[in-house]
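As structure tokens, the structure follows; a few thoughts come after it.
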Amino acid sequence: MFENVARKVDSGNRVKVVAFGSYHSGKTSFIRCVNPDTLSTEVKSGSGTTTVAFDLAIKEHNGYRIYLFGTPGQDRFDVAREVVAFGLHAAIIVVDSTRGMTEFEKGILGELHANRVPCIVLANKQDLPGASLDRITRDAGGVCEVLPISSRTGQGVGLVLDRLVDLVRAG
Ligand SMILES: Nc1nc2c(ncn2[C@@H]2O[C@H](COP(=O)(O)OP(=O)(O)O)[C@@H](O)[C@H]2O)c(=O)[nH]1
Ligand SMILES: [Mg+2]
């Protein structure tokens, strides 16, 4: 899925970041936390809502213009994920820290790592009892940085943007 990775930033300092993660890990919430004006495509599903295309937040940060895309987490949307991921500079994997990394999330992390895509794992939902940062760090297997966040309270979100810019700058 990651054959088309952008290694350079254009003259407008535009950076494409794509958020992955299983169903209900908090991708849409994180992207809304970055920019509350986020455009989303959600439909009613069961007792809640689910993303059927992608979310997009645009955020100026440290001299860069970050385009943050969210992908649908369900298995059957693999083609949509591939389309949204095209030409990305960096990726984040949003994980629900109360359930640990899913096999799907571990698979995406492995694929990102194999293709040398700069990546951060976000241990989301740190505000909930039962959230474990250690477990997510173990699950990630030391292949990339793991940052604790809460998309509900906003904890850690600014640092994620700092680190993404650092990763892209480092190439
Ligand atoms: N307590 C808590 N709930 C969260 C957090 N992030 C997301 N949620 C909730 O988890 C559910 C799924 O979130 P959503 O952003 O739609 O997940 P997505 O399927 O990955 O886009 C929603 O009910 C959110 O309100 C968080 O950091 N803390
Ligand atoms: Mg969503």
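Derivation of every value follows stated rules applied to the coordinates shown; laboratory data play no part. The shown structure was predicted, so the numbers you read here are calculated from the model rather than taken from an experiment. Ideal geometry is used to build each Cβ from the backbone, glycine not excepted, and the neighbour counts take in all protein chains shown.
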Seminar exercise, completed: Full extension between V79 and N35 adds, at 0.36 nm per residue less the Cα distance, a length in nm of 13.2 nm
Exercise. Using a Gaussian network for the chain with springs between C-alpha atoms less than 10 Å apart, which of these wobbles most: C119, C144, C33?
Worked result: C144
For this session: Please identify, among V18, V146, V43, the residue showing maximal mean-square fluctuation in a Gaussian network model of the chain using a 10 angstrom Cα cutoff.
Result: V43
For this session: Mind checking the full-extension length gain between K8 and R169? Use 0.36 nm per residue of separation minus the Cα-Cα distance, one decimal, nm.
Result: 57.1 nm
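On average over all directions, what projected area in square nanometres does region 13-137 have, based on the convex hull of its Cα atoms?
With every direction weighted equally, the projected area is 8.2 nm².
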Exercise. Taking Cα pairs under 8 Å and at least six residues apart, what relative contact order does the chain come out at, in percent?
Worked result: 25
Exercise. According to a simple spin-label model (label point 7 Å from Cα along Cα-to-Cβ), what is the distance in nm between T98 and R135?
Worked result: 1.1
